[in-house]
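The structure appears right after this line, and notes come after that.
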Ligand SMILES: NC(=O)c1ccc[n+]([C@@H]2O[C@H](COP(=O)([O-])OP(=O)(O)OC[C@H]3O[C@@H](n4cnc5c(N)ncnc54)[C@H](OP(=O)(O)O)[C@@H]3O)[C@@H](O)[C@H]2O)c1
């Protein structure tokens, strides 16, 4: 049955949505019918008009605008019935996004989203992975920079240098700000799930939950104390804020891809720290913040500081960028390094590129009958996704020594 829309995008009026709209107007084929959603048609129309006026050329058809309230089941049913691939950007996903996620899993369609809420994804996999497989749906969460970047980068690196062990991603530099939507999602996750430790460990998304040989159990030890990375000249590293979602996603890819990353593959994620003192202070602060996030008063303060709807300033967005290094050991024991520069705001601008690449690739694979089914990961769509990302704001370089 031919569907009305190849792609339907929710949350188009949000912080990330504002960057998705120009990307799709410039990059979608002119024969593709697509739609964008908002609870207010007038709001989405104003955004579409302003975006088109800003662009020097538009290659895609203009999208239909559909009024959708994701708390209304009839709206959700209409959306999944009409669409081949849904792009979910309306968070927070544990509340606003859940109805659309589950309806997509039942409807036998494609679905990608920005959800980076690890405990929520673990629950979705437990409840809906098998149903999505049976219905022929493909659901891919975490298609924003977290976890698309590290997940597809590792698949790409393995395709270039072969199997790896002891893989670490370390953020050397990260500049940017958080939207009200992101803070809202973070606080809601703590409110619902109590704590990220409720996840049960880094292999919570994979079927090999009890397999301690593949689980980087040491990840959680690093929350207690700073560590050194000998392959980076003894650099001090501290736990990264995105470690839960990215580690769980990468390890799920590893199991879904039948361990193609190597028999001794492990993965963990950190941020660079200047020295031992800075690392100890940050690790302690992170521990305190994790504890305080469990209290409703701290969540209220955080939300008051960044209420829903707050968008990072243009100046902050223009200055935002990031640099990562992924280090692993090849089968011969020698280390390999991949340096990744993200030239544009990783949180929202690059996240918009990532989710658009995932949506377009998933549409292509579903039409050719090669898409995986179930609740899968960005990397399961193939290493070429990271090649495509490098055509945008991301540059990667593989090296055999550091620096
Ligand atoms: N993984 C990553 O790298 C990454 C990166 C960026 C963002 N995120 C996540 O993505 C989510 C969105 O963040 P954001 O800052 O881009 O969004 P935002 O600015 O908070 O915007 C939220 C969007 O959701 C829509 N929305 C809210 N309630 C709705 C409902 N009931 N029905 C339909 N639409 C509804 C709003 O549309 P209308 O008001 O027009 O209806 C708006 O467009 C958050 O969960 C955030 O954590 C993840």
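The values are calculated or read from the model by the stated rules, or taken from the named source; none is laboratory data. Computed from a prediction, not measured in an experiment: that's the story for all the values here. When we count neighbours, we look across all protein chains shown, and the Cβ atoms used for this are built from the backbone with ideal geometry, even at glycine.
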Residues satisfying the stated conditions in the range 101-148, i.e. touching a strand residue (DSSP E or B) at 6+ places or on another chain (Cβ under 8 Å) and more than 16 Å from the ligand (Cβ to nearest atom): 105, 109, 110, 125, 128, 129, 130, 132, 133, 137, 138
Lone qualifier among 70, 62 - being within 10 Å of the ligand (Cβ to nearest atom) and in a loop (DSSP other than H, G, I, E, B): 70
Strands (runs of 3 or more DSSP E) fully within the range 105-196 counting 1 or more residues that are surrounded by fewer than 18 Cβ atoms within 10 Å (Cβ to Cβ) and more than 15 Å from the chain's Cα centre (by Cα): 164-175
Pairs with Cβ under 7 Å, 6+ apart, first in the range 36-48 and at pLDDT 95 or above, second near the ligand (Cβ under 6 Å from one of its atoms) and assigned to a strand (DSSP E or B): 44/38
Looking only at the range 296-336, and only at residues there that are out of contact with any helix residue (DSSP H, G or I) (no Cβ under 9 Å at 6 or more places or on another chain) and assigned to a loop (DSSP other than H, G, I, E, B), the one that is surrounded by the most Cβ atoms within 10 Å (Cβ to Cβ): 312
Condition met for residue 9 (within 26 Å of residue 183 (Cα to Cα), more than 9 Å from the ligand (Cβ to nearest atom) and crowded, with 16+ Cβ neighbours inside 10 Å): yes
Conditions (1) buried (at least 19 other Cβ atoms within 10 Å of the Cβ); (2) within 10 Å of the ligand (Cβ to nearest atom); number of the one not met by residue 39: (1)
Filter result for residue 194 (touching a helix residue (DSSP H, G or I) at 6+ places or on another chain (Cβ under 7 Å) and more than 21 Å from residue 398 (Cβ to Cβ)): no
